[in-house]
Amino acid sequence: MNVVKYQIEDNSNEINISVNIITADGALVTADVDLYINDKKSLKGESKNGEHYIGKSSLGIAKELTNGLLLIEADIDLKLIEESFWEDCFKNLSIKYFLNGGKVDKSFELVPEDIKYKSDLGGTIKTKKYFFLKQVKS
Amino acid sequence: MKRIIQVMLINLIIIFSAKGQEVIKLKDLKTPNSPGFQILDIAPSSIERPTNPKAFAATLMSLTSNGSAIPKNFAMEFSPFWTFKSDSTSSIHKYLNIRKDKSSKNAIFSGILRKMSVSLVSTFSDSTAGSLLKNTNYIAFGIRTNLITIRTKTQSDNINIALSKYSEKVRMLRSHEEELDVLNNQLRKSIIETERLYGILENASSDERKEIQQDYNEEIANQTVIGMEIVSISKVQPNELEKALDTDKEIQNYYKKFLELPVFQLDGAFAYSEALSGNQSDNKRFNRSGFWLNGAYNINNLKIDDNLLNGNFSIIGSIRYISDNVLEVNTTDVFSKTNAFDYGGRIQYTIKDFSISYEYLKREYSNDNSNLNSDRSVGLMEYKINDNLYFTGTYGKNFGEVNTLFTLFGINYGFGNSSLKTD
């Protein structure tokens, strides 16, 4: 399983994330950003009203996020779309993640090593992308 | 222009003949109402209610080419924007033509390219009927797209409320949440430990190294096991969510709300066709091209009472400009170009899986050919018995003077993924 390390510094920079899910217009997307830290889970961002993005969401201050695990989970429901689309939707699904406030601002994509599965019929897709917030020296 | 279209036609036939020979699921087969058929006057309906596009609508009739290079009797329709990968931002609000929030406007123009579909048709006529001549293969290329979709403010607001509730419900229906929270916390701790051990390992002396390396390897193995458990649960989650969505009454009501027809839709289409007498490329000639607009006014939930005839009603108007190549009187192979104008309408009532409609189109040729004026008047019905079984029927009078009785009845049926002939 793929966990990407995003480098943050021991400072007061605000760390932000935004997510863009690129699929067929008719897909209903439910996506969340969860932060696991100190044995707790907190919701940091979510897609609203079936939309295909999570707007810029603050994760907190860099020095308080050290060793946090970030999970971006998306459920994609294709029920409004013709079934003949479903296979192409799974194949062509593209998710872009943008993290900023750390050592460098950086874009990431959903890659084959990440979690991406569909139902047997193909009408529902689940994706998961993990980031580990690793503290590095300035 | 003509040359470009000819090259496109040939290339599309070659590319999609291969695609078309893949196994087609029977539930993807529906009646061929693509512009390619409509320009030849052989579609069950000449005036279709605007819809969102299909990806590869395998309106496949028959791919038998009888040994010739030009296939007879096949049809396909696909959406280029979604069939090929696109990096454009996608949006459910554009798809449903609703506004994002109360301060924004409805998405009336939802993207000509996004909703465009391309069709390719070949049909062999073994007798003279309607606009088709005997022993001639007709090849047509068509495109259509949605130009305008309008929803009322109330419709838009209600769909937005349903979308918001839908998202909340999906989050509630997610399975294995607590189990995954435990695993994600374990994964985080394991990563912290491997990071710590790796840091020590880098600065360790060769004596210390062996023991730390072993601890590091064990932690990596532990992390792999946790990862495998997360993957294993993640694999079953889509099936579990799909089952939950399919059986949840609230979700089913939200789907109905999303699928409500807009109050007005306007589609545009263009089609170009050529005729090959005897299916010989040497006998190729321009047959007909046309541009048309279909505008639909829809009424949702038109009912007598809550339990009786609660369905959707549509009134669709159509205008079409045609450039035609007609057979001259008292000749068998002399054609002359002329223009025609079609206008008419269709009324359609859809209740659950049953749809009944009537359409009328008047065709008027330019002054010199007014003797060719005719009309088309047909009734149509379609009943979806289940995903694998459709009953469709069209009956009435087609354009033209010869053999104008137009009947097209068919049952699309089957089990599994068998291929099907619908002609």
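Out of curiosity, is B:Thr154 in a helix (DSSP H, G or I), more than 14 Å from chain A (Cβ to nearest Cβ) and among the hydroxyl-bearing types (Ser, Thr, Tyr)?
Judged against the criteria, B:Thr154 is a match.
Are any residues in the range B:109-135 assigned to a loop (DSSP other than H, G, I, E, B) and within 14 Å of chain A (Cβ to nearest Cβ), and if so, which ones?
B:Phe109, B:Ser110, B:Gly111, B:Ile112, B:Leu113, B:Arg114, B:Lys115, B:Met116 - these are the residues of the range B:109-135 that are assigned to a loop (DSSP other than H, G, I, E, B) and within 14 Å of chain A (Cβ to nearest Cβ).
Against the condition part of a strand (DSSP E or B), away from chain A (no Cβ under 14 Å) and under 30 Å from B:Thr152 (Cβ atoms), how does B:Tyr321 come out, does it pass?
no
How many residues, within the range A:119-133, are more than 7 Å from chain B (Cβ to nearest Cβ) and under 20 Å from the mean Cα position of the chain (by Cα)?
Summing the residues that are more than 7 Å from chain B (Cβ to nearest Cβ) and under 20 Å from the mean Cα position of the chain (by Cα) in the range A:119-133 gives 5.
Would you pick out the residues in the range B:157-172 that are surrounded by fewer than 18 Cβ atoms within 10 Å (Cβ to Cβ) and within 10 Å of another protein chain (Cβ to nearest Cβ)?
Residues satisfying the conditions are B:Ile161, B:Ser164, B:Lys165, B:Glu168, B:Lys169, B:Arg171.
Does any residue of the range A:19-32 turn out to be more than 13 Å from every other protein chain (Cβ to nearest Cβ) and either crowded, with 22+ Cβ neighbours inside 10 Å or modelled with pLDDT of 95 or more (or both)?
No, the conditions are met nowhere in the range A:19-32.
Can you tell me which residue is nearest to B:Leu40 (Cα to Cα) among those in the range B:88-106 that are touching a strand residue (DSSP E or B) at 6+ places or on another chain (Cβ under 8 Å) and either buried (at least 23 other Cβ atoms within 10 Å of the Cβ) or within 11 Å of chain A (Cβ to nearest Cβ) (or both)?
Selected residue: B:Asn97.
Looking at (1) away from chain B (no Cβ under 12 Å); (2) within 16 Å of A:Asn20 (Cα to Cα), find the lone condition where A:Lys103 falls short.
Only one criterion in (1) away from chain B (no Cβ under 12 Å); (2) within 16 Å of A:Asn20 (Cα to Cα) is unmet by A:Lys103, namely (2).
Exactly one of (1) of a type in the set (Val, Ile, Thr); (2) under 31 Å from the mean Cα position of the chain (by Cα); (3) within 12 Å of another protein chain (Cβ to nearest Cβ) is unmet by B:Ile191. Its number?
Result: B:Ile191 passes all but (2).
Residues that are free of Cβ contacts under 8 Å to residues at least 24 places away in the same chain and over 22 Å from B:Gly111 (Cβ atoms): find the strands (runs of 3 or more DSSP E) completely inside the range A:26-90 holding 3 or more of those.
A:40-46
The values are calculated or read from the model by the stated rules, or taken from the named source; none is laboratory data. What you see is a predicted model; the values in this text were computed from it and never measured. Counting neighbours? That spans all protein chains shown, and the Cβs are built from the backbone with ideal geometry, glycine included.
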